[in-house]
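Novice: My questions will all concern the structure given below.
Any read-out appearing in this document is the output of simple, stated calculations on the displayed coordinates, not a laboratory observation. This one's a predicted model, so the numbers in the text were calculated from it and none came from an experiment. Note that each Cβ is placed from the backbone with ideal geometry, even for glycine, and that neighbours are counted across all protein chains shown.
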Amino acid sequence: MKISSASTVFRAQLIVPEQRQLFDYWVEKSNGRAMPSRSDINPAHIPRILSGMSLVDVSPDKSRCRIRLAGTRLREIYDREITGLHIEDLEWGDKHDYWIAAYRRAIEDGKPTQGVVRGPRVHKEHLVQYWLKLPLATNGNDVGMLLCYDYFQPASEELKMQLAVATG
């Protein structure tokens, strides 16, 4: 797998090993293209991280996103099944604009995005979420779907993880 310098820089920002695993898989399946298509992705190749993954459909006009499939860990976080919901309908409280912007950026730029947020949704302030959004093509370079990975941990563990990365 040949990885570009931009990809190397992006990968270095990923803290969670499963994020790096998924990103490496995405780069490999891109096969030199800007992004892979949905048909390039095989969940059987990444079974260990499926519970934190989701597939998000992007409408042809890029105005809406619908969760096509959400892993079991996401059901636990949202306290309900979120498959079939539009991202705009999730209970994000004061983080609503943050999340809409995160999805928009991945769709509009057609490039991977990532981040970390404390209190990812209403009544989950005790958690830190490490998120990753990877675009998937429908028509060559047109983003038609997002492959997402979300990792959650108690906020008290965040400092330990940051220290391990800094000294690692």
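Novice: Only residues of segment 113-151 count here: report those whose backbone N is under 17 Å from the spot 7 Å along Cα→Cβ of LEU50, or say none.
Specialist: Taking a point 7 Å out along Cα→Cβ of LEU50, the residues of segment 113-151 whose backbone N falls under 17 Å are 147-150.
Novice: May I pose another question? Report the number of Lys pairs in segment 1-154 whose alpha-carbons are under 26 Å apart, with separation of 8 or more residues or on distinct chains.
Specialist: Lysine pairs, 8 or more places apart or on different chains, close enough: 14.
Novice: Moving to a separate point now. Given +1 on the Cβ of Lys and Arg, -1 on the Cβ of Asp and Glu, and no further charges, what dipole in debye does segment 4-90 carry about its Cα centre, rounded to the nearest 20?
Specialist: The dipole of segment 4-90 has a size of about 160 debye.
Novice: Please state the Cα pair-distance histogram of the chain with 5 angstrom bins from zero: what percent is in each bin?
Specialist: Values per bin, smallest distances first: 1, 8, 17, 23, 22, 16, 9, 3, 0, 0.
Novice: Which three numbers, in whole Å and largest first, are the semi-axes of the equivalent ellipsoid of segment 62-158 derived from its Cα gyration tensor as √(5λ)?
Specialist: Working through the eigenvalues yields semi-axes of 23, 14, 12 Å.
Novice: Please give the calculated 222 nm ellipticity per residue for the chain, where each DSSP H segment of at least 4 residues contributes -39500 (n - 2.57) and the sum is spread over every residue; nearest 500 deg cm²/dmol?
Specialist: Per the formula, -10000 deg cm²/dmol.
Novice: Which value, in debye to the nearest 20, gives the size of the charge dipole of the chain about its Cα centre, when Lys and Arg are +1 and Asp and Glu are -1 at the Cβ?
Specialist: Around 380 debye, computed over the chain.
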